[in-house]
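The values are calculated or read from the model by the stated rules, or taken from the named source; none is laboratory data. Treat the numbers as computed from the prediction; the structure is a model and nothing was measured. All Cβ positions, glycine included, derive from the backbone under ideal geometry; neighbour counts span all protein chains shown.
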Amino acid sequence: MSWNDFAKHAKDAADWGAAYHTTLRDRPVRAQTAPGDTARQLDDTPPEDGCDLGAIMADFEKVVMPGITHWQHPRFFAYFSSNAAPASVLAEFLASIIAPQCMLWQTSPAATEMETRMMEWLCHGLGLPDIYQGVIQDSASSATLAAVLTMRERALNFRGNIEGLHGAPQLRIYCSDQVHSSIDRAIWVAGIGSDNLVKIRTTGDLRSMDPLDLETAIAEDKAAGRIPAGIIAATGATGMGACDDLEAVAAIAKEHDLYTHLDAAWAGSAMICPEFRALWTGADQFDSIVFNPHKWLGAQFDCAAHFLRDPDVLRQTLAIRPEYLKTHGTEDVTDYSEWSIPLGRRFRALKLWFLMRHYGMEGLRTRIRNHVKWSQALCERLRAEADFVIVTEPILSLWTFKAAGASDDQTQALVDAINDDGRIYLTQTLVDGQKVIRFTAGQFDCEERDFNTAFDTITELARAM
Ligand SMILES: *Cc1c(COP(=O)(O)O)cnc(C)c1O
C-alpha cells in the first residue's frame, strides 16, 4: 500500500468509525455469537498472495463485527468502562502513524517531556500534592507489579535482583480481602508467593480493611521472624467499590516503615471532582498510586497513570543500563524505560494531551458527575420497587442489587437473560458469598435515557422469570 492509498483508506475508516458510533445504540451491547463462530470464518493458513483492502474491509464487517462486544456502547454497564473518547482516538491514530519507541528521552524527547507534563497535569487534576512524579504504564497490573517489586527490593536491601529469593527472608505484603486479582498475580510474579499475601478482613459500609487486624497481622509476622514489606490499599475495588481508610493504613505503614501502594484503577478518575475526594483522604501519604485514565477518564486503552513519591526506589529496582541503551552527554533527562518493566514504550502521553485539552477538566468532570448522579438515581428507582433489593450501596457509580428472594442460580439466570436481551450489559459478583448483580456507569457517551432503558430492561426481564 502506498501512503497515498493509505490516506484514502484512512478517510474511509474514519467515516466508518463515525457511522459506527452514531448508530451504536441500535446494536446489542454484548456479542451474541457462540464460541467458534468467528474462528470458523478465518482461514487455517495465511494467504500467499495479498489482496485489495476493500475485500478485507468487507470481511471485517462480516467476520469480525458480529463477534464484538461494544465497550463504547452507551448502555455498557458491565465490568468498568474502558473509554475511547474521539479526541483520544485521534491522538492514538497519530501516535501509531509516527510509531515512536519512547523508551529513552533521546528516542523521542517530545514523548518523554510530554509524559512528564501530562503526569503533572493529572497530579494537579486529582488534587494530589506536587511532590509526586509520574510515569504512564501500560496497565494498572504493571504498575502494581512494579510497586510489589519495589517493596521486595526495598525490604531485601536491593539484593533480591542479584541473589534471587532462594534463602531470602520470608516477605509479607498486606491488602484487604477486596483487592483486584492483579495484586495476587503481582505477588506470584514477584516470587513472594500467595501464602505471603495477607488479606485483611474488611468492615463497614466502605468495606475497609480493619486497621486493628492489620496491626495484629504485622505484629504476629514480626514476632515470627517474617519481614513485612508493604501494604496495598484500594480506593474503589472492583467487586463492589471497597475503599480502605488510607489515613489509618498510611499511619501503620509509617510506624513499621512499609512501602505503600494504592490501587485506584477505576475510582481514581473520579478524583478530578473535589466532592469525591473524601473517598481517598490520606492518598497523599502513599508512596505509589495507580489509576487508569483508560477506564473512566476517556483515554483510549492503554493508559495507566502511576504516581511515585520517590521514583529512585523504583529505578533502583528496575533500571538496567547496557551500553547500547546509554545516552551520553544528557545526564539530566528522564529515561522512562527505567520506571517500567517493558523496555519498549508507546507514546501514550499524546492521547492525554488531546483529551484534557479538548474536553477541559470541567468537561471531563461533568461527565463523571452525570454518571454518578444517573447511576445513583437508578439505584433509588430500583430500591423503590418491592421486588428488588439493593445489596451494597453506591460507591460513586457502582452498586449491587438482586431480585428479592432470588437464589444464586436465579440471579445468574437474570444476568444471562439481560445480556441475551442485548439492550444493556451487566455482570455479576459475590458479596459475602451471595451472588449479586453489579451496576456501574462510566461510558463516555451515555445519557440519562440509557438509564431509563436499564430500568425497563431489568424490571421487565426479572418479572418475566
Ligand atoms: C481494572 C482494575 C485493575 C486492572 O487494570 P488493568 O489496567 O487492566 O491492569 C486493577 N485494579 C482495579 C481496582 C481495577 O478496577
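Results, tabulated for the structure shown:
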read-out: Some residue of region 19-42 being of a type in the set (Phe, Trp, Tyr), over 20 Å from ASP450 (Cα atoms) and either outside the structural domain of CYS303 (by TED's automatic domain parsing) or exposed (fewer than 11 other Cβ atoms within 10 Å of the Cβ) (or both); value: no
read-out: Options ARG172, ARG201, ARG159, ARG154: the member that is crowded, with 22+ Cβ neighbours inside 10 Å, basic (Lys, Arg) and away from the ligand (no atom under 14 Å from the Cβ); value: ARG172
read-out: Near pairs, Cβ below 7 angstrom, 6+ apart or cross-chain, from region 75-102 (within 20 Å of GLU115 (Cβ to Cβ)) to any residue that is of a type in the set (Val, Ile, Thr) and away from the ligand (no atom under 16 Å from the Cβ); value: PRO100/THR107; GLN101/THR107; CYS102/THR112
read-out: Those residues of region 125-141 which are among the polar types (S, T, N, Q) and more than 16 Å from the chain's Cα centre (by Cα), in sequence order; value: GLN133
read-out: Of the criteria (1) surrounded by fewer than 16 Cβ atoms within 10 Å (Cβ to Cβ); (2) among the charged types (D, E, K, R); (3) in a loop (DSSP other than H, G, I, E, B), which one LYS8 fails; value: (3)
read-out: Region 82-110 - residue that is hydroxyl-bearing (Ser, Thr, Tyr) and at pLDDT 95 or above and, of those, surrounded by the fewest Cβ atoms within 10 Å (Cβ to Cβ); value: SER96
read-out: Tally of residues being assigned to a loop (DSSP other than H, G, I, E, B), out of contact with any Lys or Arg (no Cβ under 8 Å at 6 or more places or on another chain), more than 16 Å from the ligand (Cβ to nearest atom) and at negative phi across region 225-266; value: 2
read-out: Test: residue in region 267-277 that is over 21 Å from the mean Cα position of the chain (by Cα) and more than 14 Å from the ligand (Cβ to nearest atom); value: yes
read-out: Which listed residue is touching a residue at least 24 places away in the same chain (Cβ under 8 Å) and either under 20 Å from the mean Cα position of the chain (by Cα) or farther than 20 Å from THR459 by Cβ (or both), from ARG381, ARG345, ARG423; value: ARG345
read-out: In region 175-190, the residues that are buried (at least 16 other Cβ atoms within 10 Å of the Cβ) and assigned to a loop (DSSP other than H, G, I, E, B); value: GLN178, VAL179, HIS180, ALA190
read-out: Strands (runs of 3 or more DSSP E) (entirely within region 367-465) containing at least 3 residues that are hydrophobic (A, V, I, L, M, F, W, C); value: 388-395, 398-403, 434-440
